[in-house]
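Since the structure comes first, as structure tokens, the remarks are kept for the end.
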Amino acid sequence: MNVFRLTGDLSHLAAIIILLLKIWKTRSCAGISGKSQLLFGLVFTTRYLDLFTSFISLYNTSMKLIYVACSYATVYLIYMKFKATYDGNHDTFRIEFLVVPVGGLSFLVNHDFSPLEILWTFSIYLESVAILPQLFMISKTGEAETITTHYLFFLGLYRALYLINWIWRYYFEGFFDLIAVVAGVVQTILYCDFFYLYVTKVLKGKKLSLPA
């Protein structure tokens, strides 16, 4: 554990809490991609199956349980409790175009050809592109609520901090995971345009709008 991983975890947690509070307080999931949340739920489920096989630390186990619980709570709010406010007409990204190729890649490129390792690899690859339905939805509507942009910002910040964490671990611990690093770089690149708009517009009090 180092400060970059810790702040990355906290940024990730902040993003999830911001989204949940947004839905609960407004009693609406307008502007939120249910498909992205389904993908994140799948990411956490396949990544944290080691909860049943190994114990690393109380912190590690607690964070994993929180991520899984919060992801399914978000999916429940979107597709069940506040279903009437869900904008399915704009949430039209074909997620099978992400899941199928990622599934195939996880079988071909992994550290060890075992069920848990393949599922972990699948989760790493899928997380790198899971935000695409949300970004696609924003591009279709042309704008996003400020609270939704805060969620996206902290989600992107989490991944950027994890990249720094991997650099730190490489230089001070000799640890390097090519699969995680490449997937993390891809995910961070997807956020780059959003980061620019966030800094130039949202932080200056302007409404975020993206080209359709």
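The values are calculated or read from the model by the stated rules, or taken from the named source; none is laboratory data. Worth saying up front: this structure is predicted, and the values here are computed from it rather than measured. Note that we place each Cβ from the backbone using ideal geometry, even for glycine, and neighbour counts take in every protein chain shown. Protein only, heavy atoms only, side chains kept; ligands, DNA and RNA dropped before computing areas. Shrake-Rupley method; radii C 1.70, N 1.55, O 1.52, S 1.80 Å.
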Between Leu20 and Phe113, take the C-beta separation as r, use R0 = 35 Å, and let me know the FRET efficiency to the nearest 0.05. 0.40
In degrees, nearest ten, helix 115-129 long axis to first principal axis of the chain (Cα): 40 degrees
Spacing of the two label points (7 Å from each Cα toward its C-beta) at Arg94 and Glu173, in nm: 4.0 nm
Relative contact order for segment 27-139, counting Cα pairs under 8 Å that sit 6 or more residues apart, in percent: 45 percent
Nearest-10 value in Å² for the accessible area of Leu155, using the 1.4 Å probe: 10 Å²
Using the Kirkwood formula over every pair of different C-alpha atoms, what hydrodynamic radius in Å results for the chain? 17.8 Å
Over segment 3-201, with neighbouring protein chains present, the accessible area per residue in Å² at probe 1.4 Å is 49 Å²
Quick one: angle between helix 34-47 and the longest Cα principal axis of the chain, in degrees between 0 and 90, rounded to 10, please. 10 degrees
Which residue fluctuates the most in the chain, going by a Gaussian network model with Cα springs under 10 Å, if the choices are Val129, Val43, Val182? Val182
On a 0 to 90 degree scale, rounded to 10, what angle separates helix 178-200 from the longest Cα axis of the chain? 30 degrees
Only loop residues by DSSP count here, and only those with at most 12 other Cβ atoms within 10 Å; note down the chymotrypsin sites (Phe, Trp or Tyr not before Pro) in segment 123-183 that meet that. Phe175, Phe176
Given a cut-off of under 8 Å on Cα pairs at least six residues apart, what relative contact order in percent is computed for the chain? 31 percent
